[in-house]
Amino acid sequence: MRRSKVRHHRISPGEANVQAYNSNMKPILFTNGTILLADRELPLGQVLVVGDRIDQVEARAGAAPADAEVIDLAGGYLSPGFVDVHVHGGAGHDFMDGTEAAFRAVCVAHARHGTTSLLPTTTVARHEQHLAFLEVCRALRDRDTGGARILGAHFYGPYFAREMRGCHPGDPVRAPLEPEYEQYLSFDCITRATVAPELPGAEAFLRACRARGIGGNAGHSHATFEQMEAARTWGVTHVDHLFCAMSDRARLRIEQTYPMRGGVMEATLFFDDLTTEVIADGKHLQRELLLLAYKIKGPDRLALVTDCNRALDMPDGPYVFGPTDGGETILRQDGVGITRDGKSLASGVVGMIECVRTFHRLTGVPLVAVIRMASLTPARIAGAERDLGSIAPGKRADLLVLDRGLNVKQVFVSGTWVP
Ligand SMILES: [Zn+2]
């Protein structure tokens, strides 16, 4: 037996692009770096992956199993893969293009930026375009996409308040109607669904979602604080992109002189049971708003999202937000999406690792907490925290090799290296 001579075949991250790891599902040992657990760092710890699962997490490096591939972290980090609960597209494609090719291209693009699971997110569009989106989402859920795993849909548009629709097209914005949404819900692949709670039919929609185990989001809403309070009893547990496309004291005051009252923003900050998310690209929100969100919600109730459109990894210029047929033209410029008149933001253009780096750099929040807001917290929001979202024995081996500058060097989805 000559096994001992080859059993610890070391491959440096630089060689990774020429060799697919774990194609025959050998155990993998990650060593010689800092392991980022959900609540602490393990400097010089090690992690053993067997098959598609994390098998062992050790505080100190030890011997590798005889047949293991050893991956040298080279003094960098091993991070849990990121989970993005609000993402529209990338690499030139939008999930609303409604084809398997578009879905796969977006999943591959976001994996390069550290996302290993995501919720394809709809935009405002016509009925048949939502049906096409849901058809593909159902077909690809939990399947190998060649990149990030699809956990289920974030059904986001079209039930928005017209005045809060942001960069979404105006014509197809509508209130929820049962015959229509029953068709959407019957696809049985929606993880979370958004509605502006002040719309007629919002209560029935949220209750129908809750009955099917779908999490309720409030978003693109002009609701008052009182309407948000009621919406919590109908099933709203999460609020889309805090501070963006939502009512607040100042906006509500335009319609009523006194007494001043709170809106979606104040309700989101006030109610501890509501989780929320920030687009942490450094363009949507200045440092103080990230710090305010973090101070009040904390890392277990605040998630990072990219809200990324199809312009990820693409040059500056005009792009269609949403479906090519009927979407709004926006511009990629200065590291963000903006409307053509240049007056409003129109979603993000960067991946999750950029959001992690930006949040960490701007706020000084410890790395472990920032990583948790991009992994375990959104996994919980997506109802998947028992299976993924952190480095723990038994969980899916969704792992990122990062260097000390927080650049993604290697990505593993279910223990398989994603080139
Ligand atoms: Zn969005």
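Counting other Cβ atoms within 10 Å as a rough exposure proxy, the listed residues Glu163, Glu385, Glu128 run Glu128, Glu163, Glu385 from fewest neighbours to most. Under 5 Å between amide hydrogens, built in the peptide plane, is the criterion, and for Gly262 it picks out Phe225 among residues at least 5 positions away or on other chains.
In order along the range 398-407, the Karplus-derived 3J(HN,Hα) couplings, from 6.51 cos²θ - 1.76 cosθ + 1.60 at θ = phi - 60°, round to 9, 9, 10, 8, 10, 8, 5, x, 6, 9 Hz, and Gly and Pro are given as x. Could you pull out every one of the lysines with an alpha carbon less than 19 Å from that of Lys26, ignoring same-chain neighbours closer than 8 positions? Partners within reach: Lys5, Lys395. Between the amide H of Thr34 and those of Leu44, Gly76, Tyr77, Leu78, distances stay under 5 Å, these residues lying 5 or more places away or on another chain, with hydrogens modeled in the peptide plane. When each of His360, His88 is scored by the number of other beta-carbon atoms lying within 10 Å, the sequence from fewest to most is His360, His88. Residue by residue, the range 226-236 carries 3J(HN,Hα) couplings of 4, 5, 5, 4, 5, 4, 4, 6, 8, x, 6 Hz when phi is fed to the Karplus relation 6.51 cos²θ - 1.76 cosθ + 1.60 (θ = phi - 60°); x denotes Gly or Pro.
If you count the DSSP beta bridges with both ends in the range 82-381, what percent of them are antiparallel, to the nearest 5? Looking only at bridges with both residues in the range 82-381, the antiparallel portion is about 35 percent. Scanning the chain for trypsin sites (Lys or Arg not before Pro) lying in DSSP loops with no more than 16 further Cβ atoms inside 10 Å, the longest uninterrupted stretch between such sites is 262-339.
Cα centroids of the range 286-318 and the range 100-173: 18 Å apart.
Exceedance of the 22 Å cut-off in Cα-Cα distance is limited, within the set Lys297/Lys343; Lys283/Lys343; Lys283/Lys409, to Lys297/Lys343; Lys283/Lys409. Between the helical axis of 287-297 and the longest alpha-carbon principal axis of the chain there is an angle of about 90 degrees.
Sort all Cα-Cα distances of the range 63-211 into consecutive 10 angstrom bins from zero, then give the percent of pairs in each bin up to the one containing the longest distance. Pairs per bin, as whole percents: 11, 37, 28, 14, 6, 4, 0. Modelled spin-label separation between Arg251 and Asp144, with each label point placed 7 Å from Cα along the Cα-to-Cβ direction: 4.4 nm. Return one number: the angle in degrees, 0 to 90 and rounded to the nearest 10, between the long axis of the Cα atoms of helix 127-140 and the longest principal axis of the Cα atoms of the chain. On a 0 to 90 degree scale, this one is about 20. Taking amide H positions as modeled 1.01 Å from N, with prolines and chain starts lacking one, the residues under 5 Å from Ala397 and 5 or more places away or on another chain are Arg53, Ile54, Ser414, Gly415. Between the residues Gly235, Val57, Pro179, the greatest Cα displacement towards the positive end of the dipole of the chain, with unit charges on the Cβ of Lys, Arg, Asp and Glu, is found for Val57. Under a model in which nothing but the beta-carbon of Lys, Arg (+1) and Asp, Glu (-1) is charged, the chain shows a dipole of about 1160 debye around its Cα centre.
Between the listed residues Ala311, Ala245, Met260, the Cα displaced farthest toward the positive end of the dipole of the range 213-334, a dipole computed from Cβ unit charges relative to the Cα centre, is found at Met260. With θ taken as phi - 60° and the Karplus curve 6.51 cos²θ - 1.76 cosθ + 1.60 applied, the whole-hertz 3J(HN,Hα) list for the range 270-286 is 6, 7, 5, 7, 8, 8, 8, 8, 10, 7, 9, 8, x, 9, 6, 10, 6 Hz, x standing for glycine and proline. Dimensions of the range 82-381 from C-alpha coordinates, computed as largest minus smallest value along each principal axis and given longest first, are 53, 48, 38 Å.
Every number in this text was worked out from the coordinates using simple rules, so none of it is lab data. Just so we're clear, the structure is a prediction, and the values are computed from it rather than from any experiment. Ideal geometry is used to build each Cβ from the backbone, glycine not excepted, and the neighbour counts take in all protein chains shown.
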